[in-house]
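The values are calculated or read from the model by the stated rules, or taken from the named source; none is laboratory data. The shown structure was predicted, so the numbers you read here are calculated from the model rather than taken from an experiment. Neighbour counts run over all protein chains shown; Cβ positions are idealised from the backbone, glycine included. Heads up: the accessible areas ignore ligands, DNA and RNA and are worked out on the full protein's heavy atoms, side chains in. Shrake-Rupley method; radii C 1.70, N 1.55, O 1.52, S 1.80 Å.
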Amino acid sequence: MGALDPVAGISLERYADLCAQMRDSGGDLEKCAAVAAANGVDRETWTAAMNGWNARMADPSTAGAVATAYLPLYQAALARHGPVASASFDDFVRMSAMLQSARHGLDAMLRHYGLDAVGWSQVSMHWVTAITKDMTLGAKFGAACAAERSRLDAGGPPAPRA
């Protein structure tokens, strides 16, 4: 069995699509099972697929391959099933600085910018892809993020969304 072979007949692409449709379930397994059922996947199959894919993502021998393949599939599915969260470059810098700041962190940043974890993953995936492809933009991001983090760590308030 390969790391990317289907689990209980559910391919990684289908699993990512179902997970994207479950984004608002809050982890409630009953809600997840209902979404799966609405997509033609019975509870037993969904439970086996969910447990199997999660196990592969947790297993050090398969996690890298599975996560690398899953993330773009999940992001694409999120885009198909709902609005895509976005942010300007300046906002991404501010958000990233809040994450790195000794005084703030993920929860504070999400609250301040009105995002949930899925929205943040969409924003960060967009900008991380952009800054890794463009060395000039990457350098600009690094410098701006360091300056904003220093400002925050010195006691400055989080900046409003631009």
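Results, tabulated for the structure shown:
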item	result
Only listed residue being at pLDDT 95 or above, closer than 30 Å to Ser25 by Cβ and loosely packed, with under 14 Cβ neighbours inside 10 Å, chosen from Ser96, Ser88	Ser88
All helices (runs of 4 or more DSSP H) inside the range 1-80 with 1 or more residues being open to solvent by 30 Å² or more (accessible area, probe 1.4 Å) and polar (S, T, N, Q)	12-21, 43-58
Residues being in contact (Cβ under 8 Å) with a residue 60 or more places away in the chain and either of a type in the set (Gly, Ala, Ser) or not in a helix (DSSP H, G or I) (or both) - total across the range 83-115	2
Candidate set from the range 114-135 (those that are small (Gly, Ala, Ser) and over 19 Å from Asp90 (Cβ atoms)); member that is surrounded by the fewest Cβ atoms within 10 Å (Cβ to Cβ)	Ala117
Ser61 of a type in the set (S, T, N, Q), in contact with a Cys (Cβ under 9 Å, 6 or more places away or on another chain) and over 30 Å from Asp153 (Cβ atoms)	no
Considering residues of the range 140-156 that are touching a helix residue (DSSP H, G or I) at 6+ places or on another chain (Cβ under 9 Å) and of a type in the set (A, V, I, L, M) only, the residue most open to solvent (accessible area, probe 1.4 Å)	Ala147
Residue within the range 129-136 that is more than 22 Å from the chain's Cα centre (by Cα) and not polar (S, T, N, Q) present	yes
Hey, Ser25 touching a Lys or Arg at 6+ places or on another chain (Cβ under 9 Å) and at pLDDT below 95 or not	yes
